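**Q** Quick one: the structure is below, and I'll ask about it shortly.
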Amino acid sequence: MNIKNITNRKYLGTFLLLMVGFFAGWIVFHQPTTAKLPKAAAEVKSAVIWTCSMHPQIRKIEPGLCPLCAMDLIPLTQDAAQIDPNTISMSEDAARIAEVQTTIISKHETVKQVRLYGQIEADERLVQTQASHLAGRIEQLQINFTGEEIKKGQPVAQIYSPSLITAQQELFEALKMKDTAIISAAREKFRQWKFTDNQIAEIEKGGQVKTNFDISANVSGIVTVRKVNRGDYVQQGTVLYEIADLSHVWVLFDAYESDLPWIRKGDKISFTLQSLPGHEFSGTVAFIDPVVDAGNRVAKLRIDVTNRENLLKPGMFVTGNLKAHLANTGNSLTIPHSSVLWTGTRSIVYVKVPGTTQPTFLLKEITLGPDLGTSFVVTEGLEDGEEIVTNGTFSIDASAQLLGKPSMMDRRSDSTSKPDAASIKKITATPELQAQISEMYSAYDELKNAFVASDAKKASTAATKLSGILKKKNNKFIGSSEIDVWHNFSSVVELETKNITDNSDIEKQRLSFSPLSNGFYKILKLYGSGQPVYYQYCPMAFDNKGAFWLSETKNIKNPYFGNAMLTCGETKEVIN
C-alpha cells in the first residue's frame, strides 16, 4: 500500500466524521416550522375571557366593568372538552390548591350520636312532707336548716297543744274508772295523732300531764324545705318540712323535636357532670314526655339512677350522649355534612367522573333523609360506590358559576323562568278595565319606588292604596274567559298588600313584593300595558333564588336591595 492511498483514506475518514457531526447537530438544534404550530395554538387557547362573578353569562375579551352590576370583571379559565358539557374539570394543581378531597360512599348502619343536656332532680316518688298531727304552738325545732339529714322516728320539733293536755286528763280519768271501753276510746284518740303504743304506755306510766310533746319524723331523707319557725301556731296537718330521699334520683334531659324520632324507651344514655370529670354514669330511658313544651319546644326524658354514694345532687347539670338507631332504616347510604351544598329548597353534591385524565366533577341533586349528626342519609340521587367531593365543594361550585354551568345558585330549570302567564293570549281590554289597570299599576309603581328607596313606611302606604283601588272597582267588565286569572290576581293583591301593611320590616315586606309583581305580569300580558313596561330580574334576590319586578324605565333600579345593589339586574322582557 503506497503513501497516496493512505493519505486518501485519511481525508475520507475525516470527511465522514465531519458529516456525522453536522448531521447530529442538525438533529439536536433544528426546530422545524411545524413545531411552532402547537405554541401558536396554545396562545390562541390561552386567550383570556373576562366575566362577572355575579352574572356569569357576561363574556368579554378584555377587562372592564360588568354592564349589569358595574362590578370588576374577572378572568375566566376555559375548561377543555369534556364527557358532559355540564362537568367541571380542574388541573391537578388547581384541585390541590382548592384542597379538593373525595370519598367513595357506601351503605352503613344509621347510628346517630344524640347530644342531650339536662339536670339532676329528686325522684318525685321519694319526696314526702312532714306534717304536724296536732294543732298548737311550736316550742322548739330540732331541725333548723335545709339540707340536714334526718332518720325515721327522729324528733324534729316540740309542740304545745291544749287538745293534747285535755286528752291526757281524759285518759287518766278513764284509768281511774277502770272502764275498759272508755280507756280504749281515750287511747284511740292518741293513736289518731300518730302516737305509738309505747308512747301511750309512757304517758300512762308517768301519771302526770305533759305540756310539750315531740313530733317524730315519718321518713328518712334530706330536708329540702323548712316551712315553720319557732313560735308559729300550726293547725293539724300543717306541713313543717319537705323531705327527699336521695338514694335514687332522676336525670331529666331536654330532647328537641328533631331528636325525638331517634329516642325510644329502654335506650341507654351515658352522661357526665362538670363537677365529676372522668366519671361516667349511665341509665336507660324510663319515660318520654308525651307533650312538647310550648315555650322551649322540648320534651323531657327521664332516667332513674341509683345514688348510693350521694354523688348526684339535685340541680347539677349533666351532658348526655345517646347512640340512637332509627327504626326501619337498616343499612343506608350516608354522606358527610361537608359534601352537601344546601340551598333550603334543594341539596346538591359534586360527583367525581371516573376515567378522566384530569379531576372532573358533575353536579347532582339529591334528596336527604335523617341527619345523623356528622352525616346525612341519602334517599335519592346517589348510588353505592360513587365517589363524591367531601372537601373543596364550594371551590368547585364557584368554578361552575363562573363558567355559567349548573351550580348551587343556577338551577337552570327554573332559576330565571317567568310566570306561566307568558303563554296567555293578549285580550283587548274595555276602557273601564284599562283605566283600572293603569290606576293600579300607578300604585304598584309607587310601591316599587318605595322598595328602591328602602322606605318601609312609604311601602305600607302604597300597598294600602293599591288594595283600596282594587276593592272600589267591580269586575263586571271582566270576560268569562279570563275570570280565573283576574280572581287569582285579586286574591294575590289582597293577601300580599295586607302582608306589606302589617309588617314594618322592609325585608319582610319585600317577600310579598315578588308574588305581587308576578301577578301584575300576568295581568299586563293578558290585557296589555298601554305603555312600554320592562320586566326585570335580579338573580341574587332572596339568597340567590332570584325575583322579578316591573319598571316603567329600562334603567335598572333594584327594589330587592335598594342602594346596596341598585343596578344589579337585567331586563328579561319588554311588555308593549
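Bear in mind these aren't lab numbers, they're just calculated from the coordinates by the rules spelled out. This structure is a prediction, so every number in the text was calculated from the model and none was measured. All Cβ positions, even for glycine, are placed from backbone atoms using ideal geometry, and neighbour counts span all protein chains on display.
**Q** Tally Lys and Arg at +1 and Asp and Glu at -1 over the other residues with C-beta under 11 Å from the C-beta of residue 319: what net charge comes out?
**A** Local net charge: 0.
**Q** Return the sequence-ordered ³J(HN,Hα) values of segment 443-456 in whole Hz as given by the Karplus equation 6.51 cos²θ - 1.76 cosθ + 1.60 applied to θ = phi - 60°, using x for Gly and Pro.
**A** 5, 4, 5, 4, 5, 4, 5, 5, 6, 4, 7, 6, 10, 5
**Q** Let me ask something additional. Quick one: which residues, 5 or more positions from residue 157 or on another chain, have an amide H under 5 Å from its amide H? H modelled 1.01 Å from N in the peptide plane, none for Pro or chain starts.
**A** When sequence neighbours closer than 5 places are left aside, the close amide H contacts are 142, 215.
**Q** Computed over the Cα atoms, what is the radius of gyration of segment 248-325 divided by 2.2 N^0.38 Å, N being its residue count? Let's see the in-between values first.
**A** Numbers: Rg = 12.7 Å, N = 78, 2.2 N^0.38 = 11.5 Å.
Computed over Cα atoms of segment 248-325, the ratio equals 1.10.
**Q** Under the Karplus relation 6.51 cos²θ - 1.76 cosθ + 1.60, θ = phi - 60°, what is the ordered set of whole-Hz ³J(HN,Hα) values for segment 207-222, x standing for Gly and Pro?
**A** So the Karplus estimates, Gly and Pro as x, are x, 10, 6, 9, 8, 10, 10, 7, 9, 9, 5, 7, 9, 9, x, 10 Hz.
**Q** Hey, another quick one. Figure the gain on full extension for residue 563 and residue 343 (residue separation times 0.36 nm, minus the Cα-Cα span) and round it to one decimal in nm.
**A** Between residue 563 and residue 343, full extension yields an extra 76.7 nm.
**Q** Test of understanding: ordering 464, 343 by Cβ neighbours within 10 Å, fewest first, what list do you get?
**A** Starting with the residue having the fewest Cβ neighbours, the order is 343, 464.
**Q** Subtracting the Cα-Cα distance from 0.36 nm times the residue separation, let me have the gained length for residue 137 to residue 214 in nm, one decimal. Provide the component values of the computation, followed by the final result.
**A** On the way: separation 77, 0.36 × 77 = 27.72 nm, distance 1.20 nm.
Residue separation times 0.36 nm, minus the Cα-Cα distance, leaves 26.5 nm.
**Q** So what's the net charge close to residue 67: Lys and Arg +1, Asp and Glu -1, counting the other residues with Cβ under 10 Å from its Cβ?
**A** Surrounding charge for residue 67 is 0.
**Q** Note the full-extension length gain between residue 313 and residue 184 as 0.36 nm times their separation in residues minus their Cα-Cα distance, in nm to one decimal.
**A** 41.7 nm is the gain from fully extending residue 313 to residue 184.
**Q** Determine, for 267, 289, 502, the number of other Cβ atoms within 10 Å of each Cβ, and report the residues in order from fewest to most. Present the calculation step by step, with values, prior to reporting the outcome.
**A** Working: 267 18, 289 15, 502 12.
Taking fewest neighbouring Cβ atoms as first place, the list is 502, 289, 267.
**Q** Using Cβ counts within 10 Å as a stand-in for footprinting exposure, how do 196, 224 rank, fewest first? Write down the numbers at each step before the final one.
**A** Values: 196 12, 224 15.
Result, fewest neighbours first: 196, 224.
**Q** Each label point is 7 Å from the Cα along the Cα-to-Cβ direction; what then is the distance between the points at residue 173 and residue 374, in nm?
**A** 8.4 nm
**Q** Relative contact order, percent, of segment 133-237 when contacts are C-alpha pairs under 8 Å separated by at least 6 residues?
**A** 52 percent
**Q** Further question: May I ask you to derive the FRET efficiency for residue 367 and residue 507 from their Cβ-Cβ distance with R0 = 41 Å, giving the value to the nearest 0.05?
**A** Rounded to the nearest 0.05, the efficiency is 0.85.
**Q** What is the distance, in nm, between label points placed 7 Å from the Cα along the Cα-to-Cβ direction at residue 574 and at residue 148?
**A** In this crude label model, residue 574 to residue 148 measures out at 9.5 nm.
**Q** Could you sort 298-305, 235-242, 521-528 so that the peptide with the highest average Cβ count within 10 Å comes first and the rest follow in order? If you can, show how the numbers build up before the last one.
**A** Details: 298-305: 19.4, 235-242: 16.5, 521-528: 21.4.
Descending mean neighbour count gives 521-528, 298-305, 235-242.
**Q** Also, quick follow-up: Can you list the HN-Hα couplings for segment 107-123, worked out from phi with the Karplus curve (6.51, -1.76, 1.60; θ = phi - 60°), rounded to whole Hz and with x for Gly and Pro?
**A** Residue by residue, segment 107-123 yields 7, 9, 5, 7, 10, 10, 8, 8, 8, 10, 10, x, 8, 7, 10, 5, 5 Hz.
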